[in-house]
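Everything on this sheet refers to the single structure shown next.
The values are calculated or read from the model by the stated rules, or taken from the named source; none is laboratory data. On a predicted model such as this, the values are computed, not experimentally measured, just so you know. Just so you know, the surface numbers come from the protein's heavy atoms only, side chains and all, with ligands and any DNA or RNA stripped out. Shrake-Rupley method; radii C 1.70, N 1.55, O 1.52, S 1.80 Å.
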Amino acid sequence: MSSTGTSMKSFAQRFQELANLRSPFCLGIDPTPQLLKAWQLPDSAEGLAEMCERVETAAQDHLAIVKPQIAFFERFGSNGIQVLERLVDVFHKRGTLVLVDGKRGDIGSTVEAYAQAFLGPNSALRADAMTAHAYLGFGSLNPLLKHAVEVGAGVFVVVRSSNKEGIGLQTAVLNDDDRTVADSLADQITEFNQQTSGDEIGPIGAVMGATIENLLPTLDRLPKSLILAPGIGHQGATFEDLRQRFDHHATRAIPSSSRAVLDRGPDVEQLRSEIIKQCQAARLN
């Protein structure tokens, strides 16, 4: 499969086709200092590169999508970003989509610059999708969202995160109506997707933590979105929890886990075995 932008298919279409062939499971690639130490690798760009090469070798073509957390690459400066660029290229050659987890959000030309840096074949990182936050208002993301549509990429906006610090803000009720902040974001995402994609799944997905209870009222407002669901594994959620909490929306979920897989390293065969296990467990049938 070609990388983003060389196909007329949308990100959602490409993901769903790959998920049917492989699995909807998303491998988070979070090379923390603690993980590098556990793998007996130096806390350096060289150690980072070695870890990524082992993950790439273990993954082969089992995964539909991976989610590198850019912070763990950025902390090594330009050398770390070069490792990330190589990782993106390797997974693209294997037909795997890459969702860069950067949670960017700003206004005007700045958010447009993020779009140009992250998304599409002519961007610096050539990602297929990215995460974003809308704390400055959903409308502030318009340049990013417009760019995503133009290059066939996806954007996942944080709606309900699994961290306890986010609960108060995300469930706060707006002054001008009785919706929560999360529900308001969900409605705006759905409106954008309907305008750009009609009855199809749109380019804007939502981040909804798999560990959170009582998500259905908000999920019901997102019928046109893929749902990135982090929190499987070490954060406490299971695939069965996701199926119960997401109900029929689970068919559009992208369950994500990092440490549950990467803790099996540095042995490549153990990593591969765990990746295959997670891919199988993530399938609904």
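Data for the structure
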{"item": "Relative contact order %, the range 1-116, counting alpha carbon pairs below 8 Å whose residues are six or more apart", "result": "29 percent"}
{"item": "Accessible surface of Y114 - all protein chains present, 1.4 Å probe, nearest 10 Å²", "result": "70 Å²"}
{"item": "Rg followed by Dmax, in Å, when the range 125-248 is reduced to its Cα trace", "result": "14.2, 40"}
{"item": "Solvent-accessible surface (1.4 angstrom probe) belonging to H248, in square angstrom, nearest 10", "result": "110 Å²"}
{"item": "At least 20 Å along the helix axis (C-alpha) and Kyte average at least -1.0, DSSP helices within the chain", "result": "45-59, 77-93, 181-197, 268-282"}
{"item": "Ranked order, S257, S197 - accessible area, probe 1.4 Å, largest first", "result": "S197, S257"}
{"item": "Within the chain, helix-based [θ] at 222 nm, where runs of 4 or more DSSP H residues each add -39,500 (n - 2.57), nearest 500", "result": "-13000 deg cm²/dmol"}
{"item": "Spatial separation of Cα centroids for the range 18-65 and the range 199-267, in angstrom", "result": "20 Å"}
{"item": "Which of R252, R75 is most accessible, then next, and so on - probe 1.4 Å", "result": "R75, R252"}
{"item": "Area of F118 that stays accessible when all protein chains are in place (1.4 Å probe, Å², to 10)", "result": "10 Å²"}
{"item": "Tail beyond 28 Å, pair distance distribution of the chain (Cα, percent)", "result": "32 percent"}
{"item": "Value of Rg/Rh across the range 243-285 [Cα atoms, Kirkwood radius]", "result": "1.08"}
{"item": "Relative contact order %, the chain, counting alpha carbon pairs below 8 Å whose residues are six or more apart", "result": "20 percent"}
{"item": "Over the range 107-157: Kirkwood hydrodynamic radius from C-alpha pairwise inverse distances, Å", "result": "10.5 Å"}
{"item": "Mean accessible surface per residue for the chain, computed with a 1.4 Å probe while every protein chain stays in place, in Å²", "result": "43 Å²"}
{"item": "Accessible area of the range 202-285 belonging to carbon and sulfur atoms, whole % at 1.4 Å probe", "result": "47 percent"}
{"item": "Accessible surface of the range 43-183 [probe 1.4 Å, protein heavy atoms]: carbon and sulfur percent", "result": "49 percent"}
